[in-house]
1. Among the residues of region A:21-48, count how many are touching a Pro at 6+ places or on another chain (Cβ under 7 Å) and more than 10 Å from chain B (Cβ to nearest Cβ).
2. Restricting to region B:60-73, name every residue that is within 12 Å of chain A (Cβ to nearest Cβ) and either loosely packed, with under 15 Cβ neighbours inside 10 Å or near DNA strand D (Cβ under 10 Å from one of its atoms) (or both).
3. Based on what the data block shows, is B:ASP110 at pLDDT 95 or above and either within 13 Å of another protein chain (Cβ to nearest Cβ) or more than 22 Å from A:PRO16 (Cβ to Cβ) (or both)?
4. I'm trying to understand the selection: among the residues of region B:60-76, which are part of a loop (DSSP other than H, G, I, E, B) and touching a residue at least 24 places away in the same chain (Cβ under 8 Å)?
5. In region B:44-73, what residues are within 10 Å of DNA strand C (Cβ to nearest atom) and not hydrophobic (A, V, I, L, M, F, W, C)?
6. Looking only at region B:52-102, how many residues end up being within 22 Å of A:ARG19 (Cα to Cα), modelled with pLDDT of 95 or more and among the small types (Gly, Ala, Ser)?
7. Quick one: count up the residues across region B:14-59 that are in contact (Cβ under 8 Å) with a residue 24 or more places away in the chain and either surrounded by 14 or more Cβ atoms within 10 Å (Cβ to Cβ) or hydroxyl-bearing (Ser, Thr, Tyr) (or both).
2 protein chains.
Amino acid sequence: MQTDLLSAQFAALADPTRRAILARLSEGEASVNELAEPFDISLPAVSKHLKVLEKAGLISRGREAQWRPARLEPMALKGIAEWMEHYRRFWDASFDRLDAYLKKIQQGDDRGPRN
Amino acid sequence: MQTDLLSAQFAALADPTRRAILARLSEGEASVNELAEPFDISLPAVSKHLKVLEKAGLISRGREAQWRPARLEPMALKGIAEWMEHYRRFWDASFDRLDAYLKKIQQGDDRGPRN
DNA sequence: CGCGTTGTCAACCGTGCGGTTAAATAAAGA
DNA sequence: TCTTTATTTAACCGCACGGTTGACAACGCG
């Protein structure tokens with residue numbers, strides 16, 4: 001079993017069905033039936049996907065009568081974004097320039113009042 | 001089997017050992033033995049991890065005599081970054097106002113027709 | 001209450017993953 | 001050539017994953 005949250009999040013995102021579910025939820029919360037509609041899989045399968053997403057902290061669920069609407073958990077992807085930031089310089093050209101600039105500043109004067 | 005590159009990349013990143021390997025490679029290329037050293041797993045296991053990373057396009061491998069150094073593939077993470085960009089407004093503070101606006105909209109027209 | 005709707009739980013199945021050990025391959029060096 | 005070093009391949013193992021079907025629970029409504 002996966003104890004590490006970041007691993008759980010990456011693993012959750014590795015499935016195309018789950019990414020599609022997230023895309024749908026980015027337009028607003030939805031019931032399980034609504035989420036299942038575009039796919040050719042059974043309802044329990046969708047229910048399992050939602051459980052995976054929930055354990056990864058990517059969604060949360062409510063209750064309204066017999067519906068259990070799922071909604072995107074807004075801050076969840078921030079952890080991944082922060083992990084990626086460490087590698088940003090490898091693919092983002094504009095970051096290279098900023099990086100160089102920051103290093104240059106840092107060399108001479110650490111606590112300068114930048115306004 | 002996974003044919004989708006994005007899925008393969010997320011799956012590759014879901015393993016902590018592989019993320020540690022990437023972190024090591026972000027400081028420069030390394031041989032399999034060097035990469036294996038911090039871990040308590042066998043060499044073939046590391047070799048398999050490298051193959052997963054390579055198939056995901058995250059690293060590439062060379063040959064120098066009997067060594068097969070691995071190096072980070074610079075542009076690889078860009079695909080993931082672009083996927084995440086779609087969700088940026090959900091966690092980035094500078095989009096807070098937009099987010100609040102979307103939530104407000106969402107309240108009104110949630111579950112209309114259909115089931 | 002009984003009924004229909006919505007969703008989950010339980011059990012099962014096939015496949016792939018991360019790990020192992022043992023053997024094979026590749027290249028440098030004596 | 002024979003040996004040493006570096007790495008991959010092959011075969012296997014246990015387990016988690018994504019899927020199924022069938023039964024069950026929760027709730028609104030007549």
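1. Taking region A:21-48 first, the residues touching a Pro at 6+ places or on another chain (Cβ under 7 Å) are A:29-31.
If we keep only those that are more than 10 Å from chain B (Cβ to nearest Cβ) too, we end up with none.
So the count comes out to 0.
2. Of everything in region B:60-73, just one residue is within 12 Å of chain A (Cβ to nearest Cβ) and either loosely packed, with under 15 Cβ neighbours inside 10 Å or near DNA strand D (Cβ under 10 Å from one of its atoms) (or both), namely B:ARG71.
3. no
4. B:GLY62, B:ARG68, B:PRO69, B:ALA76
5. Scanning region B:44-73 gives B:PRO44, B:SER47, B:LYS48, B:HIS49, B:LYS51, B:LYS55, B:ARG63, B:GLU64, B:GLN66, B:ARG68.
6. Counting residues in region B:52-102 that are within 22 Å of A:ARG19 (Cα to Cα), modelled with pLDDT of 95 or more and among the small types (Gly, Ala, Ser) gives 2.
7. Of the residues in that region, 22 qualify.
The values are calculated or read from the model by the stated rules, or taken from the named source; none is laboratory data. This one's a predicted model, so the numbers in the text were calculated from it and none came from an experiment. Neighbour counts are summed over all protein chains in view; Cβ atoms, including those assigned to glycine, are modelled from backbone coordinates with ideal geometry.
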